[in-house]
Amino acid sequence: MDRRETAALLAYIGRLDPRTIRTGQGEARDQLAQWHELLNEVPLATPHGWDACVVARRHIRISPYQILPADIARPWESYKRDCLHRHTDPTPSADPDDQAAWTAELVGTRGAVATGTAQPVMYRQLAASRVSPRLKARLKEVGSCIPPEARAALAPFRRARAAREAALAQGRPDALSVRCDWCEAPVGEPCRRRRVGPDGFARGNAPRATVHPCRQDLAAARHAAMA
């Protein structure tokens with residue numbers, strides 16, 4: 001901030017805390033020179049959330065101690081550091097073969113974020129939970145991120161999933177959409193081999209390639225009820 005902005009900040013602070021007011025002309029001049037020297041790299045306000053007056057008012061409201069320039073500078077450094085931590089350098093528009101222009105654009109973008117004149121550029125998917133409608137349409141058009149050839153090659157190693165996908169492709173009910181009453185497999189999980197021993201306790205827990213008939217019947221009954 002320049003000297004005029006520093007003087008405006010001191011006048012605002014003086015209205016909230018009369019202890020900072022200097023009545024003598026020499027004292028007021030020295031105070032302005034001191035604050036300007038310590039806060040000349042701190043902006044008075046930025047378009048993206050920083051306001052030195054708000055910081056000063058918060059300090060005066062919650063602290064019994066008289067405000068100092070450091071009570072303005074420290075929050076600004078924290079604010080700037082947080083912005084730079086959230087900033088991810090966007091790809092410069094300069095020619096990648098022009099190393100000087102490429103570096104200058106990166107430095108300029110970071111400098112704008114550090115001075116508060118620009119907002120941090122974050123990854124879109126991390127910054128917002130909404131998915132682009134064009135991405136949804138593309139996924140619907142593609143159908144799956146796994147190519148058909150790869151899916152066919154993986155089928156012997158994912159027999160339960162392959163059987164489920166085949167049933168859905170043929171219009172049959174999805175047996176994994178219900179819980180199995182025999183092996184107690186939860187929804188979405190394949191059935192387990194459950195053998196009862198002479199002591200009455202279940203033996204074995206290996207996954208089955210097919211579902212138990214009772215689970216298939218339950219899925220068919222639910223499918224018929226919803227149809």
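From the list ALA56, ALA73, the lone residue that is touching a residue at least 12 places away in the same chain (Cβ under 8 Å), out of contact with any helix residue (DSSP H, G or I) (no Cβ under 6 Å at 6 or more places or on another chain) and hydrophobic (A, V, I, L, M, F, W, C) is ALA73. Scanning the stretch 201-219 for residues that are at pLDDT 75 or above and of a type in the set (S, T, N, Q) yields a count of 2.
One residue stands out in the stretch 113-124 among those that are free of Cβ contacts under 8 Å to residues at least 40 places away in the same chain and within 29 Å of GLU41 (Cα to Cα): the one that is most open to solvent (accessible area, probe 1.4 Å), namely TYR123. Right, ASP89: under 20 Å from VAL121 (Cα atoms) and charged (D, E, K, R) or not? In short, yes. Cβ-Cβ distances below 9 Å connect the following pairs, each with a first residue in the stretch 210-225 that is in contact (Cβ under 8 Å) with a residue 12 or more places away in the chain, a second residue that is among the polar types (S, T, N, Q) and open to solvent by less than 70 Å² (accessible area, probe 1.4 Å), and a separation of six or more residues or different chains: THR210/GLN216; ALA219/SER177; ARG222/SER177; HIS223/SER177. Looking only at residues in the stretch 32-48 that are free of Cβ contacts under 8 Å to residues at least 40 places away in the same chain and farther than 14 Å from ALA70 by Cα, which one is most open to solvent (accessible area, probe 1.4 Å)? It comes out as ALA45. Within the stretch 211-225, the residues that satisfy the criterion of being more than 12 Å from CYS180 (Cα to Cα) and either loosely packed, with under 14 Cβ neighbours inside 10 Å or of a type in the set (Asp, Glu) (or both) are ALA221, ALA224, ALA225.
Every condition in (1) closer than 16 Å to MET1 by Cβ; (2) open to solvent by less than 40 Å² (accessible area, probe 1.4 Å); (3) not β-branched (Val, Ile, Thr) holds for TYR79 except the one numbered (2).
Restricting the first member to the stretch 83-96 and to residues that are under 14 Å from VAL113 (Cβ atoms), and the second to residues that are open to solvent by 70 Å² or more (accessible area, probe 1.4 Å), the beta-carbon pairs closer than 8 Å and six or more apart or on different chains are CYS83/GLN119; LEU84/ARG110; ARG86/MET122; HIS87/ARG110; HIS87/MET122; THR88/MET122; THR88/TYR123; ASP89/ARG110. Please verify whether ASP97 is more than 30 Å from ARG19 (Cα to Cα), open to solvent by 70 Å² or more (accessible area, probe 1.4 Å) and of a type in the set (Asp, Glu), treating the condition exactly as stated. So ASP97 fits the description; yes. Exactly one residue out of ARG110, ARG22, ARG74 is open to solvent by 70 Å² or more (accessible area, probe 1.4 Å) and more than 19 Å from GLU5 (Cα to Cα), and it is ARG110. Summed over the stretch 146-196, the residues that are among the acidic types (Asp, Glu), free of Cβ contacts under 8 Å to residues at least 24 places away in the same chain and surrounded by 12 or more Cβ atoms within 10 Å (Cβ to Cβ) give a count of 3. Of all residues in the stretch 69-102, those that are closer than 30 Å to LEU38 by Cα and hydroxyl-bearing (Ser, Thr, Tyr) total 3.
The values are calculated or read from the model by the stated rules, or taken from the named source; none is laboratory data. The structure displayed is predicted, hence computed values, not measured ones. Every residue, glycine among them, receives a Cβ derived from its backbone with ideal geometry; neighbour counts consider all protein chains shown. Surface accessibility is based on the protein's heavy atoms, side chains included, excluding ligands, DNA and RNA. Shrake-Rupley method; radii C 1.70, N 1.55, O 1.52, S 1.80 Å.
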